[in-house]
Every structure is written in structure tokens, then in C-alpha cells.
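Reading through the C-alpha cells given below for one structure.
The values are calculated or read from the model by the stated rules, or taken from the named source; none is laboratory data. The model shown is predicted, which means the values in this text are computed figures rather than measured ones. Reconstructed Cβ throughout: ideal geometry from the backbone, glycine too, with neighbour counts over all protein chains shown.
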Amino acid sequence: MISVTDTDIDRSYTILALVGVCRAASQYMEDQSGNNSTLSGHLTSTLRHVQELSYQTHDLLEKIQRQEAKP
């Protein structure tokens, strides 16, 4: 049986935070005028998708952990 530990949840929170920082940085780059706006726009879109997937995965981990904790 696979179980979800507190370390798994902490790792997921770390991933979510790192993706959030990268997304904010790419959004800032996109908002600046210049040649990099198209590239940073694609980066922002990609990071937005990764962030959404990460949240879904994190929510699932927490749900599994709660179910395992029930007597």
C-alpha cells in the first residue's frame, strides 16, 4: 500500500512555492516592454499550467493523507 507522509506534503508545498516564484518572475518579464515579451509570455503560460497541475496533485496528496489518518 502506498502512503502519503508529511514529507510528501512538505515537498509538494515547496514545489508549489517554487513554481509560484517562477511564474511571478515570468509575469514581471512579460509586463516589461522589449523583445523578451513573447518568450516570457510562453513561459508564463507554461508555468500557469504547471502550477495548476501541481495544485491538483497537492490536493490529491492531502486527500489521500486524510483518508489514511481515519481510523
- V4 meets each of (1) loosely packed, with under 13 Cβ neighbours inside 10 Å; (2) β-branched (V, I, T); (3) not in a helix (DSSP H, G or I) with one exception, condition (1)
- Task: Please identify the pairs in which a residue from segment 42-71 that is of a type outside the set (D, E, K, R) has its Cβ atom under 7 Å from the Cβ atom of a residue that is not in a helix (DSSP H, G or I), counting only partners at least 6 apart or on another chain.
- Result: L61/V4; I64/V4; Q65/V4
- Considering segment 22-71, residues that are loosely packed, with under 13 Cβ neighbours inside 10 Å and not in a helix (DSSP H, G or I), and then whichever is modelled with the highest pLDDT, we arrive at K70
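Could you pull out the residue among S37, S12 that is more than 18 Å from the chain's Cα centre (by Cα) and not basic (K, R)?
Working: S12 fails: more than 18 Å from the chain's Cα centre (by Cα).
When all the criteria are applied, what remains is S37.
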